[in-house]
Amino acid sequence: MKNYQINDEGYYGEYGGAYIPDSLKPCVEELKSKYLEILNSDSFKQEFAQLLRDYVGRPSPLYPAKNLSEKYGCRIYLKREDLNHTGAHKINNAIGQVLLAKKMGKKRIIAETGAGQHGVATATVCALMNLECIIYMGKTDIERQHVNVEKMKMLGAKVQSVTNGSMTLSDAVDAAIDDWSKNSADTFYIIGSTVGPHPYPDLVARLQSIISEEIKQQLPSHEGRDYPDYLIACIGGGSNAAGTVYHYLDDERVNIVLAEAGGKGVETGLSAATIKLGKEGVLHGFKTLVIQNEDGSVKEPYSISAGLDYPGIGPMHANLAKQKRATVFAINDGEAIEAAFELTRIEGIIPALESSHALAALKKLKFKPEDVVVLTLSGRGDKDIHTYLEYK
Ligand SMILES: *Cc1c(COP(=O)(O)O)cnc(C)c1O
């Protein structure tokens with residue numbers, strides 16, 4: 001049987017690993033040597049479970065979407081991460097990494113953010129735990145994401161403007177890494193998706209695996225079995241998808257469907273469809289598929305959805321695609337918008353633009369009436385109302 005989990009060297013197949021400068025090696029080594037022992041300790045498990053329940057509001061419902069099911073001729077369930085505190089799945093990871101930081105004796109939290117969602121989740125948990133919090137963010141992104149910047153400040157975080165390069169996410173990553181390498185003794189760097197040098201992809205996947213753990217517990221009361229025929233999720237860096245598939249990776253009865261952002265179309269040059277368009281390369285400390293220019297430099301990705309606008313993809317997902325364990329669709333902006341309006345009208349749920357990419361994948365599949373489909377609704381659409389209004 002194939003194994004799609006990470007190996008001892010920190011690789012999923014040929015993707016992953018830790019490609020980092022010497023200045024970063026002590027930080028990454030310390031994390032690598034401690035994370036599994038802490039995650040598996042009774043005190044971590046107990047505190048994490050308690051906060052997920054009482055603060056985040058877990059378990060998130062597994063909602064049988066009757067109207068959507070009728071429309072697509074199968075049995076569709078929505079895993080409602082949109083109902084979490086702060087409105088998406090990112091809080092699961094932020095709580096886990098802040099708890100880990102505390103247990104490692106770190107008192108200062110840093111993170112980088114592009115659209116601001118990971119920054120808000122991190123600032124939220126730092127407020128809760130009374131920890132110093134610095135969020136690196138490109139100057140361009142600060143201007144584009146005013147509401148999230150104000151939320152982070154209200155939560156007590158310091159938002160550090162980055163003015164290098166294109167002044168967006170990649171530059172913010174560089175700034176955060178620089179800070180970490182200089183302040184490793186007291187600082188923990190929280191990465192928001194299943195990306196970065198080993199062990200981050202595995203750490204984030206484990207923290208998000210609560211999603212599939214709950215699906216396994218919730219599905220039997222509806223269907224009399226604990227596995228679906230299809231799991232569907234959108235992929236930016238890959239964390240909500242990793243959480244959704246984690247406990248089903250090696251269960252070949254379950255079809256895995258991933259929706260990446262096609263932008264204006266994979267042929268147009270304005271796309272974030274990393275699996276369709278990417279070539280092997282090293283990005284932010286790990287080997288994966290990267291959207292590149294002719295000369296091998298990283299190409300700026302484009303998507304209508306800020307959360308899917310990443311030039312790489314988590315190593316787990318690069319491998320799932322390569323091994324043909326997952327079916328990957330590139331969903332264009334217009335298809336995602338259409339799916340968002342459809343869900344809103346027939347189920348009364350306004351989804352995040354990212355999640356709308358997963359919803360649009362329903363149109364690309366042929367279902368049998370008895371097929372059981374679980375689709376992760378990674379977040380709610382309040383933050384995207386301005387975009388939706390442009391299309392009404
Ligand atoms: C950030 C975000 C995503 C994309 O990140 P992944 O790590 O791929 O899950 C998807 N949906 C929502 C609502 C987000 O905020």
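The values are calculated or read from the model by the stated rules, or taken from the named source; none is laboratory data. Since the model is a prediction, treat every value here as computed from it, not as a measurement. So basically every Cβ, Gly included, is an ideal-geometry build from the backbone, and we count neighbours across all protein chains shown.
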For this session: Residue by residue through region 382-392, note down the ones that are assigned to a loop (DSSP other than H, G, I, E, B) and either buried (at least 18 other Cβ atoms within 10 Å of the Cβ) or of a type in the set (Phe, Trp, Tyr) (or both).
Result: Tyr391
For this session: Pairs only if they're at least six apart or on different chains, beta carbon under 9 angstrom, first in region 186-203 and within 19 Å of Lys106 (Cα to Cα), second assigned to a helix (DSSP H, G or I) and aromatic (Phe, Trp, Tyr); list them, first residue then second.
Result: Thr187/Trp180; Phe188/Trp180; Tyr189/Trp180; Tyr189/Tyr200; Ile191/Tyr200; Pro199/Tyr35; Leu203/Tyr35
Problem set entry | Of residues in region 112-147 being surrounded by 18 or more Cβ atoms within 10 Å (Cβ to Cβ) and acidic (Asp, Glu), the one modelled with the lowest pLDDT | Asp141
Exercise. Within the bounds of region 301-313, is there any residue that is at pLDDT 95 or above and under 23 Å from Ile215 (Cβ atoms)?
Worked result: yes
For this session: Return only the number of the condition from (1) surrounded by 17 or more Cβ atoms within 10 Å (Cβ to Cβ); (2) under 26 Å from Lys158 (Cα atoms) that Gly10 does not satisfy.
Result: (2)
Problem set entry | Residue within region 259-266 that is of a type outside the set (A, V, I, L, M, F, W, C), modelled with pLDDT of 95 or more, within 25 Å of Ala65 (Cα to Cα) and more than 13 Å from the ligand (Cβ to nearest atom) present | no
For this session: Of the conditions (1) more than 16 Å from the ligand (Cβ to nearest atom); (2) more than 21 Å from the chain's Cα centre (by Cα), Asn332 clears all except one; give me its number.
Result: (2)
Problem set entry | Selection within region 195-226 - over 23 Å from Lys34 (Cβ atoms) and either small (Gly, Ala, Ser) or within 14 Å of the ligand (Cβ to nearest atom) (or both) | Ile211, Ser212, Ser221, Gly224
Exercise. How many residues, within region 136-175, are part of a helix (DSSP H, G or I) and not hydrophobic (A, V, I, L, M, F, W, C)?
Worked result: 13
For this session: Scan region 227-246 for residues that are assigned to a strand (DSSP E or B) and near the ligand (Cβ under 6 Å from one of its atoms) and jot them down.
Result: Cys234
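Let's see how each residue does on (1) surrounded by 24 or more Cβ atoms within 10 Å (Cβ to Cβ); (2) in contact (Cβ under 8 Å) with a residue 60 or more places away in the chain:
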| site | (1), (2) |
| --- | --- |
| His284 | yes, yes |
| Gln292 | no, no |
| Asp309 | no, yes |
| Leu320 | yes, yes |
| Ala352 | yes, yes |
| Arg380 | no, yes |
Seminar exercise, completed: Of the conditions (1) in contact with a Phe, Trp or Tyr (Cβ under 9 Å, 6 or more places away or on another chain); (2) among the aliphatic types (A, V, I, L, M); (3) within 13 Å of the ligand (Cβ to nearest atom), the single one that Val282 does not satisfy is (3)
